[in-house]
Structures are given as structure tokens and as C-alpha cells.
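Reviewing the structure listed below.
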Amino acid sequence: MTNAWTDIKNSDLVVVMGGNAAEAHPCGFKWVTEAKAHRGAKLIVVDPRYTRTASVADYYAPIRQGTDIAFLNGVIKYCIDNDKVQWEYTKNFTNAAYIVKDGFGYKDGLFTGYDETKRDYDRSSWDYVIGDDGFAVVDMTLQHPRCVWNLLKEHVSIYTPEMVERICGTPKDKFLKVAEMMAECSSPTKNMTSMYALGWTQHSSGSQNIRTMAMLQLILGNIGVRGGGMNALRGHSNIQGLTDIGLLSHLLPGYLNIPTEKEVDFPTYMSTRGFKPLRPGQTSYWQNYKKFFVSFQKAMWGAAATPENNFAYDYLPKLDVPAYDVLRIFEMMDEGKVNGYFCQGFNPVLAFPNRGKITRSLSKLKWLVTMDPLETETSHFWENHGDYNDVDTASIQTEVIQLPTTCFAEEEGSLTNSGRWIQWHWPAGSPPGEAQHDNWIMGQIFLRMRELYRKEGGAFPDPILNLSWDYANPQEPTAEELAKEINGRAITQLTDPTDPTKVQVEAGKLLVNFSQLRDDGSTSSGCWIYSGCWNEHGNNMARRDNHDPDDTGAYLNWTFAWPLNRRTLYNRASADMNGKPWDPARKIIEWDGSKWSGYDVPDIAPTAKPQDVGPFIMNQEGVSRLFARGLMRDGPFPAHYEPFETPIPNVLNPKIRGNPVARVFQNDVKQFGTADEFPYAATSYRLTEHFHYWTKHNPVNAALQPEFFVEISEELAKEKGIELGGWVRVWSKRGSIKAKAVVTKRIRPLMCDGKAVHVVGIPLHWGFMGAAKKGFGPNSLTPFVGDANIETPEYKAFLVNIEPTTAPVGV
Amino acid sequence: MNMELSRRSFLKVAGAGVAGTTLGSMGFGDAEAAVAAHVRPFKLATTTETRNTCTYCSVACGILIYSKGDVRKGETAVITHIEGDADHPTNRGTLCPKGAALKDFVHAPTRLKYPMIRKAGTDKFERASWDQALDRIARLMKDDRDANFIAKNEKGVPVNRWTTVGFLAASATSNETAYATYKVVRSAGIVAFDNQARV
Ligand code: SF4
């Protein structure tokens, strides 16, 4: 989230699209209720299903899953056509005025540079014209035909209300009503917030779904303001933190990158990370990349990371592919190329797409280790449970080691919520039996491996032998020790670079925040963006002062938010070119002639003059990007592509299947279904009584929602002779499940390109372990293909067939 | 309002012989004060109050956990009650149907208690000691790493990749656990490293 949960009360218009906050984030959704009750805010819901969020909305519009880009491009077009643009914001705070290279274009649904065999673009033309002074060329009048604004105008021109209706199935009048309500928020004193979740991410064009709304929010002037922003509601309690700490194949902590093997040495790696400003005087904060990177290497390898060995650059693994993401590693497993696998608090048998393939892949492992507080379907994947897990146990040669871990109530540490608040928690109970903390388990695995390498030697043991592990009790590092290491320290005494007589930080002391990091090896920090979380002032994540001066919703002294305790990202953009708030009643910060100050930590240098320095300091331009240059694999502007399994062909270009650059494995292509065989558009979702596959272990939640079901419209039920509460079989090209049918008015057929599209809703909380009745989930059916940029699987849009049937065996 | 004064310490003060007058001066009626003086302390003051956050979604509602025994003093502690933290700015004491049932998640019948090993081809888990399980894991990892580690690519560039073992990290562990996990996994050269954020 760019903003915080408590900030939603400041909104005038809440748009829930790609999420269902009332059911999936109930206590956060209260802030929508607050905004409605006390500000007179309106709520719009756009969803294939009339959700409980929709039931309290001021306006609901149906949409076919997987078509959000067409819808939102239509809204952008509406705003441009009707002069509903926050002009001062758009001209000064976005790249609307930047001139794009002549080579760039878009035709027949594809951008310049497409290579069909590689399923990739040559993106070299997707960039700005650079002037002789080395800076990007701009035309602040927006008259130049090649400026981003005019290219955008042309790009969205095809998304007329009629086209939106054709693609999305949203009736034209409903689309226009939504567009009109959103467009009103181009006023500098009307702010709209976007609340989205997995309904946007879990598509082969997921990243672009989000990008389209971000672009709309920018031209409406709604980023960086109170009651505005792009608010990813996120899923699990620390999914934000795990992302920040960088537990992803291609990341180092704090959104630094793991090197690729093309970056043969440290100078090569750094050569593309200079991040020189693209406009005069801009901050381009990533210019500090080397400080963050070197400090991370020092946290990892301490004295073994020296200037002479490029701070142990060669200790890091280097990628030969964009990422060994979960889809790739399971594909490799299926090919017999993986021997061992760890699942720490994760249940891929239920959570990953195409369960048949997942089970088959796990069966090819030599060994599997699970670390979890609960019995999971993954640790029991080899066990036969009748129809619910129909495997041949004796033939599965995988050794499974199941380790019992503590749960949240038995451990200490911090979790990062979707608003980037890093909140500390304390243990309250003793673990059951011999269950152990994850820190202990990771410590044990490490120490035992290191011991083997010490005794026996082996393949390149240096990174293991030299890993810094100087904890008071090496057997189990404490949360406090690790938090301090994340925050960072001065390794040697730090003096003021402009005045060496002034000592900034004594050797060994904790850094106040990341502004003190150095690139010469004199500082360490495990995750630079978290620096400031535990400094010499103490554990800032444990702060509990809930004062909120003038009720802005900032709560600056409650816990710690990254970065630098900032509550609203890009908050410089809440003020105009002179530094005055767009809406004085919703001031965040203000320029007083010499500095920025206000209710939040300014997202700009405190003395940076408002006319000189742009608000998007992480970008080389200093402004935000309506045109993404080459940073998105599937296009600098979002374009509509159908899901890989679609009930109607792509009306813009029927030859294009799915996202043209999404990676597909050949084995999976064979398992994509088509509408003639699988006519119904399925989607997955959650219920408010359950959390993923955890709460089915809780007898209370299991009683609240005991049994798996699928949800269909009355129209489809009639067509197929399905009765409310009757058993149905639902199958895709990949698998088949049985469920009770819930026949509702919440789902209605959508008319798309002249064809009635029936939606089948499949909630995801059941399996064969735990207290609830045994059941299936959507992932026996979902396709094994991910988003073109980040590989999030396309869980939300796939094709199925359905028929009445009898009860499954093995209940 | 700085809520360093916990509800429990308030109750302890209130219950320590001056309950009637203290509560009375705070605007409680005599009868309520008398009831509160013995009922609330009886329920909560004998327990340990701990601040935590809900383990489910990333709204991260504040919760108060009450237990018999104080685990931070090294005692065995049994969690007896969990409720919303009224001082928390986000949820202000409320919990949804998931958070409201957290106590029964902690005590779920399917919580794991012991390390277990299922041998290849067999149809059951057998109990193992931690030492057995951990030594086995370290051995399996070391042998596989030594056999399959790619120190250099065909061009002679050090790449330090270990692709035959993967690690899928959790989404509800703390940042500190995540960081410790990061260190162990990356220093071994594991590239198939991912978490729930991608799915
Ligand atoms: S109580 Fe409900 S809304 Fe609050 S964090 Fe838990 S799951 Fe989320």
C-alpha cells in the first residue's frame, strides 16, 4: 500500500476492483465504512461476483474476469475525452511531457520489437529521446506528437464504452457511471483510493492490471495524497515483510537484485546501476545502490567481505534465467531435475496451480522437508485419501521429513502489514510438544551443514564457512539480534564526509537509519529499507503511542513504517508546484519557504525546493511514468490480452492467445483448454470465515464454513439441470473435482462480444487435512502459467465444464 | 493516550485492596465497582497479558493474548483467551471471524508436536528426534550440494548456483526469521528461493 489502512477514512471515492475487502480484509474494510459514514465517501465495486463488498457499495458494475485493463483503459480514455485530468499534477509529476523515440509503436495488439519465437520484445525503442545535454527531452506544452501524453491518448482511443462492453461484458451505462464517478476525482480536492488484491495479481497480465489503475490514479492526481493511492491489500500477515526482505529468487533484501551470470563481476553489476538523473537536479535515490549493496554484503559475510574481493560479490549465486520462480522449479521437478525441496509454512499441494502436476513433481523428489505448525496436505501428499488424494502411496519414493514449528502466539518478532507498518509482537504461550522456532531450526540446519563442510570440505564452502553468525547463542539467534542486524551498524567509526573531525556514529553502534550507510565497507545493514527499525533509540517497531494529531490517520508514533517511518509514499505529491497542499483540509506536508514539514515524514529531501525536485525520487526522472520505458516486459502501456483460457477470442487481435510474452512451458500448453470443450469462465476466491488452508484446522472456523462448494448462476443451473445443494462435477483440461452447488443471484451471465459467458466461482479453503470436511479447491483445475513480469499464476481466470454428479468417495 | 499502562496492570492496581475507591473515583457505580473488583481481576489478573498481532491477513489487527503462566519468565504458559486490542489504531479492538477464533487455531488438534519422517514408499510417518531429523537434513543437503553445485558456468564465470534443491519460504514468519532464512539459503547458493508473494 502507498497509504495506510487508517488513511482510507480520508477518501472521497473508494474503488474495490480486483479484491473483496469486506470479506478478505474485514477489519481494514472498516475504514471504508468510516469514510462513507463520516466523509460521505462513495464505494464502487467492479467484480464478476456480487460480493459482500458489493452489497454495501454505492455502485456495482459486473466485469468478466481477466478484462480489467480494457475497463480501466476505457476510464482513462473517458477522462482524457472529457477533460477530467488533474493537469498541473499530470504535467509536472508524470512523464506525460517526455518525448518517445521514433521507433516505438503499437499495432495489431503488439508493441514494436516482438519476436514470436522468443515470446519476447526487443525493447530498445521503448524509451525517451535523450538530448545533447544527456537529459530526456520534454515538451511541457504537451503539443509534440511523440510526447507520452499524445501516445497514451492514441493508445487508449480504441477502448470506447462500446468496446469495453464487448470485451468486459459490463453494460455500457454501468461502465459510464463508474467512469464518471472516477473522473470526478480529477479535482484537486477529491481523492480516490484503489483497494486491490489477488483479483488483479493472479492473471497473466497481473502486473499491468495494477499499472493501469496506477496510471489512472496519476492523471487524476491521486497518488501521494490522503485518501488516495494504490493500495495492495496483500494476503498473509507478513507477505509484505517477506517481499521486503527479498525471499524471492531474483532479489536481495530491500529490492536489490541478485546478479545474473551476465554480470560477470562487481564492476559490471554496478555499471547498470548508476541511476543517473534523467532530468536536471533530480534526486534519483537509487544512486545510493552501492551503499545498500555493500552494507548487505557486510551483514552477510562480515570481515570476509572486503574491498579487495569486491565485498564477496562472487559468494552470491548468479542467475542464468530471469528467476527460479515456483512455476519453473516445479517444472524442473517434473522433469526430474530437482532432488530436495523445503516448504517452510507453505502448502503447495493446495496453493499451486495444476495440482496433478504438483503431486507428480513432489513424487519425483528424493526428499521433502516441511516446516509448519500444522499437518499440511503437502507433508501428506503421499497419503491416499480416496477421491480427495488419489495417489499410489507405495510408488512414491520421496522421503518426507516433517518438522513441527511454533506459531505466531509462541514467538517474538516483527511483521509488516500491507501499509508497511512493521509491528513487533511477543510470545504468549509454550509451543506444543517439541515444536521449535523457525530461527532455531534454520540455525540448526546451518550449523550442522557448516560443521560438515568444516570437517569434510566440499563444493565451494567459503560462503557457508564465512557466513556471519556471531549470535550470543548461535544455536538460536534471537529476534532482537536479527532486527538489529537488519537495521545496521557502523563497523568502524563514521565521520562526517564534509568534516572528518565530526564523529557521526561510533564503531559498533546502531545506525540511526539508512542515510548513514556507506559504500566502503564501514557499515552493515541486512535490509536497507528497514533501517531505523531498531536503532540506538531502541525498538521502534514496539512503539505504542496511538496519538494522531488532527486525526490525519498517520499515527506516526505507533510502531515503525518503512522507509524512515513514512506513512504515505510519494507524499511530496500531495502539494502543488509551490509546495502548497492541493487540498488544505487534507494537508500531509507543506513547503514553508525553506523546508518541508507536516504530519508525515516528507518523501523528499526536507530542503529540496518544490519547483526543482520532483516527487518521485526513486525514479531517475523525478516524475512517475505513464510510459514505462522498457521496465515492463509486456509493454510500456497496458494493452488488453485475454487470459490463456478465454471464453471469447481477443477481439483486438484473435490470433493472440493470452499475454504474448508470458512464459509457457510446452508441457503446459498441451493442457490449456478451449471454449468449445470448456465453455465456462471459472475463478477462485476466499470466504470471510476462512484463511487459506489454515483455518480448516480450527474447529470453530470449520464449523462456520464446513464444506466445499462451487457457486453458479440460476441461469447456468437451469441450463445444466443443477440443483441448489446437489453434487456437481467441475473439470478443466487439467483435473476434475466434485462439489456441492450453490446456486445464487450473486453471479449473473455476462454478454461478451455477443455471447453469454457463465462464471463459475470456486472458493479455495478445503483439502484433506484438518477439522473441516474433506474437499477440493480450485487448484486441481487452474492453469500452470504466470504473469509476464513476475510469474504469479493465472488463478483467477480459466475454463471449466460442469455437470450434475454423485457424491465423491472417501469422505 | 499512551497505552504503556496495560489493562492487566490497571486491574492489578484496581484489585489491590483499593478497588472500591479507585474505581469509584473513575466514575464506576459502587455495585459495578464491587463486581468489577473481584470478577475482572479473577478472570484476567491471574493471567499474563501479551501483545501480538493476528497471524492471518495483512490488516494485522492488534490482539491481546491471555495465558496461564508467563513464557517470557521461562514458565510454561497455556493460552486461555485472545481478544482484539482496543488501543490498536487499525482495528480498535475488533476482530473478524478468523481473528476472533485465533485461540482455537493455537490449540488446533492438528498442531504438530514432534519431528516425523516418512521413509520412501512407506505409508506412515514415524516419530524422530530433532537430532535425527536435523542431521539427516544436513547430510542430504551437503551431499546434494557437493554433487550438483555449479561453481562456474561454461565461460568460467563464478556463478555459485545450486539448482537441485529449492526452498519455499513462509508468509507468516517474522521479518527476523525471514532474514535468518535468507542468510542460510543464499549462502548455500540456492536459487529456487521463493515465497507466497509470487502466488
Ligand atoms: S482479525 Fe481478520 S481482519 Fe484482522 S488481521 Fe486477522 S484476519 Fe485480518
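Since every read-out is calculated from the coordinates, none of them should be taken as a lab result. The structure displayed is predicted, hence computed values, not measured ones. FYI the Cβ positions are ideal-geometry reconstructions off the backbone, even for glycines, and counts take in every protein chain you see.
List of remarks:
- Look at the stretch A:753-765: the mean tally of other chain Cβ atoms within 10 Å of its residues' Cβ atoms is 0.
- Within the range B:116-195, DSSP assigns beta bridges of which about 50% are antiparallel (rounded to the nearest 5).
- Residues residue A:480 and residue A:306, FRET efficiency given R0 of 30 Å [Cβ-Cβ distance, rounded to 0.05]: 0.60
- Pairs from A:502/A:580; A:364/A:733; A:174/A:587; A:455/B:183 whose Cα-Cα separation, in the structure shown, is over 30 Å: A:502/A:580; A:174/A:587
- With the simple spin-label model, which puts each label point 7 Å out from Cα in the Cβ direction, the residue A:674 to residue A:38 separation comes to 5.7 nm.
- Assuming charge only on the beta carbon of Lys and Arg (+1) and of Asp and Glu (-1), the dipole of the protein assembly as shown about its Cα centre is about 740 debye to the nearest 20.
- Under the criterion of Cα pairs below 8 Å and six or more residues apart, the relative contact order for chain A equals 16 percent.
- Hypothetical label at residue A:142: residues of the range A:179-196 whose amide nitrogen lies under 17 Å (7 Å Cα-Cβ projection): A:183-189
- Helical runs assigned H by DSSP (4 residues or longer) give chain A a calculated mean residue ellipticity at 222 nm of -6500 deg cm²/dmol, each run adding -39500 (n - 2.57) before division by the residue total.
- Placing a pseudo-label 7 Å from each Cα along the Cα-to-Cβ vector at residue A:81 and residue A:189 gives an inter-label distance of 2.9 nm.
- Peptides ranked, highest mean first, by Cβ atoms within 10 Å: ranges A:4-15, A:538-549, A:780-791: A:4-15, A:780-791, A:538-549
- Relative contact order, percent, the range B:44-111 [alpha-carbon distance under 8 Å, six or more residues apart]: 25
- Comparing Cα centroids, the range B:129-199 and the range A:509-527 end up 27 angstrom apart.
- Segment residue A:177-residue A:557, length gained on full extension (0.36 nm per residue, minus Cα span): 132.7 nm
- When each of A:294, A:503 is scored by the number of other beta-carbon atoms lying within 10 Å, the sequence from fewest to most is A:503, A:294.
- Packing-based ranking, highest mean first, of B:178-186, A:711-719 given that Cβ atoms within 10 Å are counted: B:178-186, A:711-719
- Of the GluC sites (Glu not before Pro) in the range A:433-530, the ones in a loop by DSSP (not H, G, I, E or B) with at most 13 other beta carbons within 10 Å are A:506.
- For the protein assembly as shown, the share of DSSP beta bridges that are antiparallel, to the nearest 5, is 60%.
- Here each label is just a point 7 Å from Cα along the line to Cβ, and for residue A:504 and residue A:595 those points are 1.8 nm apart.
- The range A:30-47 residues near the modelled residue A:56 label - backbone nitrogen below 11 Å, point 7 Å along Cα→Cβ: A:30-37
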